[in-house]
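Report on one structure; see the data block that follows.
The values are calculated or read from the model by the stated rules, or taken from the named source; none is laboratory data. Bear in mind that the values here come from a model prediction, so they are computed numbers and not experimental data. Cβ placement follows ideal geometry from the backbone for every residue including glycine, while neighbour counts extend to all protein chains displayed. In case anyone asks, the SASA skips ligands and DNA or RNA and just uses the protein heavy atoms, side chains included. Shrake-Rupley method; radii C 1.70, N 1.55, O 1.52, S 1.80 Å.
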Amino acid sequence: MSSDFPRDPEFQMKRGLAIEAYAGLESALNYLFGHLLETSPDKAGVVFFRVVNSRARNTMLEDLLDKKHRKKYDDFFRGISGAPGQKRQPGLFAMITALDQQRNEIVHWHTVFARRRVGETQEELRPHVFWSTLMEDEPARWYGKKRLQSFIDKTDFVAATVWAFYRVMENKLDGLVGDPAAWAKVFEAPPVYPAPEAHPLYKPE
């Protein structure tokens, strides 16, 4: 990264907000962990936040979900396998796994000043081998301000969904966005993002 270019405060802010959004998702997952273990969030956090491997953490949540709820919410959390003529529908854990990977990229990738027009640069996050010509055909993987915002929006959606599941299961409805009956319907099928109009988290564009 060269110091010859001025830093973009909006880009840096969005990177920070992206990391904060993921921290919010982790907080929601900790409450889910406590629900599945039938313990308090503070006791759950003693274990949850010491599991630094996100894949192991997600597997732990999946196993506990089976113990607590059997297969009742399998479609919602694990999705529906594809069949001939039917597309596979990923579940919430697939969305969380994708966000885990993107969070690692946002935290660990380099800030690069990319020239888009003569005299104009913009900041992007690129992998550690950003100087390699092999990376030139992968701009869709890089993070500019727009993709960082997309990560924030999706992470907020998944976190709010996890919070809603926790609150409905624990019957702690203060602060629940939407009607419990509407959420019960949501939990019967794989999640859809962006949220459709009938969804409690639907936001008109």
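For the pairs Lys68/Lys172; Lys72/Lys154; Lys146/Lys185; Lys71/Lys172; Lys67/Lys154, note any where the Cα-Cα span goes beyond 21 Å. Provide the component values of the computation, followed by the final result.
Details: Lys68/Lys172 18 Å; Lys72/Lys154 25 Å; Lys146/Lys185 32 Å; Lys71/Lys172 23 Å; Lys67/Lys154 28 Å.
The pairs that break the limit, which is 21 Å between Cα atoms, are Lys72/Lys154; Lys146/Lys185; Lys71/Lys172; Lys67/Lys154.
Hey, what number do you get for the chain at 222 nm if only DSSP H runs of n ≥ 4 count, each worth -39500 (n - 2.57), divided across all residues, to the nearest 500?
Details: 7 runs with 108 residues, N = 205.
Helix contribution divided over all residues of the chain: -17500 deg cm²/dmol.
Which one is right for this structure if Kirkwood radius over Cα pairs in Å is calculated from it: [x] 16.8; [y] 18.0; [z] 18.9?
[z]
Ignoring any ligand, DNA or RNA, what whole percent of the accessible area of the chain comes from carbon and sulfur when the probe is 1.4 angstrom?
Values: 6430 of 12180 Å².
Of the solvent-accessible surface of the chain, carbon and sulfur hold 53 percent.
Taking the solvent-accessible surface of protein heavy atoms with a 1.4 Å probe, what is the per residue accessible area of the chain in Å²?
In whole numbers, the chain has 59 Å² accessible per residue.
Work out the length of the dipole vector of the chain about its Cα centre, built from +1 on the beta-carbon of each Lys and Arg and -1 on the beta-carbon of each Asp and Glu, and round it to the nearest 20 debye. Show your work: numbers first, answer last.
Values: 29 positive and 28 negative charges, 65 e Å.
Charge dipole of the chain: 320 debye, to the nearest 20.
So what does the Cα-only Debye profile of region 1-114 read at q = 0.11, 0.19, 0.23, 0.24 Å⁻¹, as log10 I(q)/I(0), no solvent term?
-0.50, -1.04, -1.31, -1.37
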